[in-house]
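Worksheet: one structure, shown below.
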Ligand code: ARG
């Protein structure tokens, strides 16, 4: 019995020495911090988009994720991917968390866990200034541009039929298709819609709310520990005003 005990002790000592060696090898403080890998689709201003340098992803989600990582003592890495592969990526562990202006819905809740919600999104309709489309009902029989896999895509496909919905990999491409007459309108979240309309001539957003939604981060159902930690961090960042400050920085009050 004593021998076994001594052996276990010896193994533990070697193991802990090895662990120390590992951290001593760390050259920068950051290397010793655990990594938080965030997946997003960075063509969704002001939530996530590329800075003028064309390399850095900035925006509301990038800043909230950074604040969460800081609170948890983690280093944030952002991976840009197709929107419709984000949930698979978090389920498979390719990324730890998705921040992507991601709408909470029942179907997605079957495959991932959501954090607390931090913003509201509204699905709106972008049309050309001289369009005859004025209400949601006018969309019947029209060709609708959407970003593939988004809630806008899901609603329009359900309501107006797949044959009337054209999917694009991002909102900017859907808006370009509207400009060149390939689609009659684009259904997308209101904040990116404002940004696309501001940077394109001759477009307007209809004064009608197609759907009102909540945004939250998504985490694997296998990682309940991370979900708990992220929620704790987000609650603190909500309470101390950090989240509101980040939202106000990118979304100017009307
Ligand atoms: N809120 C919509 C959804 O969850 C669209 C989100 C698109 N996000 C993005 N980063 N492209 O389906």
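Using the per-residue mean of other Cβ atoms lying within 10 Å as a proxy for protection, in what order, highest first, do the peptides 240-246, 45-51, 199-205, 187-193 fall? Working shown, then result.
Values: 240-246: 15.3, 45-51: 20.4, 199-205: 13.7, 187-193: 24.9.
With the highest mean Cβ count within 10 Å placed first, the list reads 187-193, 45-51, 240-246, 199-205.
Taking a ≥ b ≥ c as the square roots of the eigenvalues of the Cα gyration tensor of the chain, is the shape rounded (a/c under 1.5), prolate (a/b larger than b/c) or oblate?
Judged from the Cα gyration tensor, the chain comes out prolate (a/c at least 1.5, a/b above b/c).
Taking only Cα atoms, what is the 0 to 90° angle, nearest 10, from helix 60-71's long axis to the longest principal axis of the chain? Around 10 degrees separate the two axes. Using a simple spin-label model with pseudo-atoms 7 Å out from Cα toward Cβ, residue 235 and residue 212 lie 2.6 nm apart.
Taking label positions 7 Å along the Cα-Cβ direction at both residue 159 and residue 252, the computed distance is 3.0 nm, reported to one decimal.
Rounded to the nearest 5, the antiparallel percentage of DSSP beta bridges internal to the chain is 60%. Taking a ≥ b ≥ c as the square roots of the eigenvalues of the Cα gyration tensor, segment 142-254 is classed as oblate, since a/c reaches at least 1.5 and a/b does not exceed b/c.
The simple spin-label model puts a point 7 Å past each Cα toward its Cβ; for residue 244 and residue 204 those points are separated by 3.4 nm.
Let me have the 222 nm mean residue ellipticity of the chain computed from DSSP H runs of 4+ only, each contributing -39500 (n - 2.57), with the sum over all residues rounded to the nearest 500. Could the numbers behind the result be given before it?
On the way: 9 runs with 102 residues, N = 254.
Result for the chain: -12500 deg cm²/dmol, rounded to the nearest 500.
Highest mean packing first, where packing is the average number of other Cβ atoms within 10 Å per residue, the peptides 145-153, 131-139 line up as 145-153, 131-139. Counted residue by residue at 0.36 nm each, then reduced by the alpha carbon distance between them, the extension gain from residue 128 to residue 84 reaches 13.1 nm.
Laboratory data are not the source of any read-out in this text; all were calculated from the coordinates shown. Note that the structure is a prediction, hence the values are computed from the model and not measured. FYI the Cβ positions are ideal-geometry reconstructions off the backbone, even for glycines, and counts take in every protein chain you see.
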